[in-house]
Amino acid sequence: MAELRSAVLAGVTIGVGSQILIFGNGVTVLIQYPFKCDNKGSERWGHGEEVATGVLSFDYLNSKVESAVFKVGGLLVLDFGSVGSLVIVPDSNGLESYVLTTKLGVSPVSVI
């Protein structure tokens, strides 16, 4: 998680079946399940498999991650400071919900 702290969201790849957050330091997060955007007092939900909701993550482009934490249930919370936060919410079905790729390797996350 330390690699995500202070990383800048440099790009977003939106495809059929997943979305990928690309950070300036080479870290990527592939999303295949629901995510929540808390931005400027509003809460909006998207899904990694729904192309139309990919634009929700555009609000965070060129913003620095102030903190990144795992929470109970496998939630990954990316706090972008005054811009807002993006929370990946995995399903508890045992399937891969998101994949974190860092210089230490590939870490698929699934919740049972």
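So the values come out like this:
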quantity: Histogram of C-alpha separations across the range 56-112, 5 Å bin width, %; calculated: 4, 18, 23, 23, 20, 9, 2
quantity: Taking N as its residue count, the alpha carbon Rg of the range 1-63 over 2.2 N^0.38 Å; calculated: 1.08
quantity: Local electrostatic count, residue 17, Cβ distance below 14 Å [Lys/Arg +1, Asp/Glu -1]; calculated: -3
quantity: Gyration tensor over alpha-carbon atoms, the chain, equivalent ellipsoid semi-axes in Å; calculated: 18, 16, 14
quantity: Electrostatic dipole magnitude of the chain [Cβ: Lys, Arg +1; Asp, Glu -1; Cα centre; debye, to 20]; calculated: 240
quantity: Summed side-chain charge close to residue 82 - residues other than residue 82 whose Cβ falls under 15 Å, Lys, Arg +1, Asp, Glu -1; calculated: -2
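Computed from the coordinates by the stated procedures, all read-outs in this text should not be read as laboratory data. Predicted, not measured: the structure shown is a model, and the values here were computed from it. Please note: Cβ atoms are built from the backbone with ideal geometry, for glycine as well, and neighbour counts cover all protein chains shown.
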